[in-house]
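Worksheet: the structure to be examined is printed underneath.
Readers should treat all values here as calculations from the given coordinates under stated rules, not as data from a laboratory. This is a predicted model, so every value here is computed, not measured. Using ideal geometry, Cβ is built from the backbone for each residue, glycine included, and neighbour counts are taken over all protein chains shown.
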Amino acid sequence: MTAVIERTRPAAARRVLAPQRREALWFYLMASPWIVGFVVLTLGPVIVSIWLSMTDWDLFTEPEFVGPDNYVRLFTADPVFWKVLGNTAFYAFLSVPLGMAASLGVAYLLNKPLRLIRLFRTAVYLPTLVPLVATSILFVWMFAPDTGLINSFLGLFGVDGPEWLLDADWVKPALIIMSLWQIGTAVLLLLAGMQSVPRHLYEAAALDGAGPGRQFWHITMPMLTPVIFFNLVMGIIGAFQVFSQIYIMTEGGPDNASQMVVPLLFQHAFKFNHMGYASAIAWVLFLIMMLLTLVVIRSSSMWVFYESEVKRK
């Protein structure tokens, strides 16, 4: 009798586990297109690029292994890279805070119960739908020294506008101004965050005598910190990867004053055929962005507030 019970237990266990295994099988089957695509189109090229960054390869001959020489050259014998890295950092550390401040201010205004508010919201978001190539060509005209819209507007007040894209001192500020053109996505996220703040918090603050300013800083801002955190991370990544504007508007000029890391990488890879060196630049850029992102993520516990979070004292 005991032997019969022992023999029936594995069969019962198999019957219990069968649905779980079947569910797992269907999961992997449904996810297999993404898994195969990730391995073939993402993970594979990433691994290959690590190896290429330690080779000398011109796209036409066999790669020659050179070890860390590309990285040594990058940090010790390439003054252009340091200038380009400084340009990219300058652009990122100014465009990201300015863009976040502008998007927050615009979202605050668009959250008001004004007439035609839907039209204003649509107008703010529309620039994000315009292709970046078309936007770049538009701003080439706007920044034109003589016939550009910006200098023509400044001329109405007797101000001689600079040669924006042709002046090494003004080309990066011009690119930063252009970056404010497409803040619609950040505005949309912040606006959604503002409208999700419970109204009873504002009512309780008003009963305690808090005005609009104190309500904004002590209620709205803390509730928006998850959205601000997301916008900050995405803004840093996007700023360090800026490419199209540079490639179309300035090609890195004048005198590399507007050259950024990704356009430099593109030039080395597909113009000078230095694919190994370009791969080294790509990995340095990746490590910089990963470091900055980790700093923001680690610091988020000190300033990001989640409504359902209970902090330990």
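Annotations for the structure displayed:
- Couplings for region 219-228, taken from phi via the Karplus curve 6.51 cos²θ - 1.76 cosθ + 1.60 with θ = phi - 60°, read 10, 5, 4, x, 6, 8, 4, x, 5, 4 Hz in order; Gly and Pro are left as x.
- Taken one residue at a time, the phi angles of region 172-178 give Karplus couplings (6.51, -1.76, 1.60, θ = phi - 60°) of 5, x, 5, 5, 5, 4, 4 Hz. Gly and Pro are set to x.
- Cα gyration tensor shape for the chain, rounded if a/c is under 1.5, else prolate or oblate: oblate
- Length gained when the stretch PHE266-ASP169 is fully extended (0.36 nm per residue, less Cα-Cα span): 32.5 nm
- Here the calculated FRET efficiency for THR122 and SER244, from their Cβ-Cβ distance with R0 = 22 Å, stands at 0.35, rounded to the nearest 0.05.
- Extension gain for VAL296 to PHE153 (0.36 nm times residue separation, less C-alpha to C-alpha distance): 47.6 nm.
- Inter-label distance, nm, simple model (7 Å from Cα along the C-beta direction), MET221/TYR306: 2.3
- Residues PHE266, PHE143 in ascending order of nearby Cβ atoms (within 10 Å, fewest first): PHE266, PHE143.
- Neighbour counting of Cβ atoms within 10 Å sorts the residues ASP160, ASP69, fewest neighbours leading, into ASP160, ASP69.
- Phi angles of region 232-242 translate, via the Karplus equation with coefficients 6.51, -1.76, 1.60 and θ = phi - 60°, into HN-Hα couplings of 5, 5, 5, x, 4, 4, x, 5, 6, 9, 4 Hz per residue; Gly and Pro are given as x.
- Longest DSSP-loop-exposure-free segment, GluC sites (Glu not before Pro), the chain, at most 14 other Cβ within 10 Å: 1-250
- Residues whose amide H comes within less than 5 Å of that of ASP56, counting only those at least five positions distant or on another chain, are GLU64, PHE65, VAL66 (H built at 1.01 Å from N in the peptide plane).
- What the Cβ-Cβ distance of ALA102 and ASP208 gives, at R0 = 35 Å and to the nearest 0.05, is a FRET efficiency of 0.70.
- When the Cα positions of PHE93, ALA192, LEU265 are compared along the charge dipole of the chain, ALA192 comes out farthest toward the positive end, with charges on each C-beta of Lys, Arg, Asp and Glu.
- By the count of other C-beta atoms within 10 Å, a proxy for reagent exposure, ARG199, ARG121 are ordered fewest to most as ARG199, ARG121.
- Within the chain: Cβ-based charge dipole about Cα centre, in debye rounded to nearest 20 (Lys, Arg +1; Asp, Glu -1): 2060
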